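A short write-up of the structure that comes next.
The values are calculated or read from the model by the stated rules, or taken from the named source; none is laboratory data. Predicted model, so just to flag it, every value in this text is computed and none were measured. Positions of Cβ are backbone-derived with ideal geometry, glycine not excepted, and every protein chain shown enters the neighbour counts.
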Amino acid sequence: MKTEKFENLEPVWRQRFLPIRTDAENPVVARMWDFEDGFRDPWHAHEEAQLIYVTRGVARALTQNGIWTLAPFQAIWVPPGVLHELHAIGEVTARTAYVDVNAAPEFRAWTQCKVVQVGPLLDALLVAVAVSTGDRDTRRTTLALPLLRLELSSARPALSGTLPLPADRRLRGVCEQLLLCPENNDTIDVWGVRVGASARTLARLFRDETGLSFGQWRQQLRLVEAVARLAQGTPVAAVAVELGYQSPSAFTSMFRKTLGASPQRYLRQRESP
């Protein structure tokens, strides 16, 4: 599976706010979607916060500050007004909830993107609210919403494929090329020559702007790409080769050290909430 192209990491700065009908009585509106492989929802923002939750396939959410790869039963919280884009990797089933944080004060402190694990109860509540939308009988929604808000506000953080993006144009160029070719093993010295900066400058900027070294950033890129490819059924040996590892055992060792499980076991854990 080839990585989808990332040439347009810079959002169009004409904010496209998509209207969602929330109000004080219904501060959460839920929807359910199916996306085809390759679907791309271009840069946009909402006046409400948005929870994007995947139940099948892999989705990738982009903001100007980072990229998040969502395996099944993981959800990303996108605060109000944050420009974002969504990519479907394979066929994706997703649920989404729009939250008016002014009417749901427990979420006002959620001002940064965050990934949470969705359990069976929260999953069922999202479905219940989604299928009840538009019903004349609002009793189900009225009963479900308080519990949905409680479950979401207490959802535990997920070990996610988060990839921070730098602002510096030279680093941005390096990152965009590595996103297109994650198997690239060129040293930071080689990249410095290409973008017109010393290796020392690039190394400092990587730590300052992403919190990671160049090597750590590239490893994190390969990790999130590996999760996406494995979730689509690509064999471990093929993923190892595609991502530039010398052997499947070297790839498996990195995967286990970072995520605490072998690739096969990690995927089994993702098969149910």
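Against the definition (modelled with pLDDT of 90 or more, charged (D, E, K, R) and in the same structural domain as C113 (by TED's automatic domain parsing)), how does E209 come out, yes or no?
No; evaluated as a whole, the condition is false for this residue.
So is L221 outside the structural domain of L51 (by TED's automatic domain parsing), in a helix (DSSP H, G or I) and over 19 Å from the mean Cα position of the chain (by Cα) or not?
Judged against the criteria, L221 is not a match.
Can you find a residue in the stretch 172-179 that is in a loop (DSSP other than H, G, I, E, B), at pLDDT below 90 and either of a type in the set (A, V, I, L, M, F, W, C) or touching a Gly at 6+ places or on another chain (Cβ under 6 Å) (or both)?
The answer is no; no qualifying residue exists.
Going through T96, T141, T69 one at a time, which residue ends up being among the polar types (S, T, N, Q), modelled with pLDDT under 90, surrounded by 18 or more Cβ atoms within 10 Å (Cβ to Cβ) and within 23 Å of the chain's Cα centre (by Cα)?
Result of the check over T96, T141, T69: T69.
Examine the stretch 249-265 for a residue that is surrounded by fewer than 17 Cβ atoms within 10 Å (Cβ to Cβ), assigned to a helix (DSSP H, G or I) and in contact with an Asp or Glu (Cβ under 9 Å, 6 or more places away or on another chain), and state whether such a residue exists.
no
Restrict the check to the stretch 150-161 and report whether at least one residue is of a type in the set (D, E, K, R), surrounded by fewer than 19 Cβ atoms within 10 Å (Cβ to Cβ), assigned to a loop (DSSP other than H, G, I, E, B) and in contact (Cβ under 8 Å) with a residue 24 or more places away in the chain.
Yes, because at least one residue in the stretch 150-161 is of a type in the set (D, E, K, R), surrounded by fewer than 19 Cβ atoms within 10 Å (Cβ to Cβ), assigned to a loop (DSSP other than H, G, I, E, B) and in contact (Cβ under 8 Å) with a residue 24 or more places away in the chain.
Take A203 and tell me if it is in a helix (DSSP H, G or I) and either among the small types (G, A, S) or touching a Gly at 6+ places or on another chain (Cβ under 6 Å) (or both).
Judged against the criteria, A203 is a match.
The rows are residues; the columns are (1) closer than 30 Å to P120 by Cβ; (2) under 22 Å from the mean Cα position of the chain (by Cα).
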{"residue": "L163", "(1), (2)": "yes, yes"}
{"residue": "E176", "(1), (2)": "no, yes"}
{"residue": "N185", "(1), (2)": "no, no"}
{"residue": "E209", "(1), (2)": "no, yes"}
{"residue": "A237", "(1), (2)": "no, no"}
{"residue": "S247", "(1), (2)": "no, no"}
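Under the condition of being in contact with a helix residue (DSSP H, G or I) (Cβ under 9 Å, 6 or more places away or on another chain) and of a type in the set (S, T, N, Q), which residue from the stretch 99-136 is modelled with the highest pLDDT?
Ranking the candidates gives S132 first.
In this structure, is G173 on the phi > 0 side of the Ramachandran plot and surrounded by fewer than 19 Cβ atoms within 10 Å (Cβ to Cβ)?
no
Select from the stretch 72-93 the residues that are at pLDDT below 90 and buried (at least 20 other Cβ atoms within 10 Å of the Cβ) and write down the one among them that is farthest from A130 (Cα to Cα).
The qualifying residue farthest from A130 (Cα to Cα) is I89.
Considering only residues of the stretch 17-36 that are loosely packed, with under 15 Cβ neighbours inside 10 Å and not in a strand (DSSP E or B), which is modelled with the lowest pLDDT?
Among them, the one singled out is L18.
Name the single residue that is modelled with the lowest pLDDT among those in the stretch 229-247 being assigned to a helix (DSSP H, G or I) and buried (at least 17 other Cβ atoms within 10 Å of the Cβ).
A231
Condition first: touching an Asp or Glu at 6+ places or on another chain (Cβ under 8 Å) and under 23 Å from L179 (Cβ atoms). Now tell me which residues in the stretch 70-93 satisfy that.
Those that are touching an Asp or Glu at 6+ places or on another chain (Cβ under 8 Å) and under 23 Å from L179 (Cβ atoms): P72, E85, L86, H87, A88, I89, G90, E91, V92.
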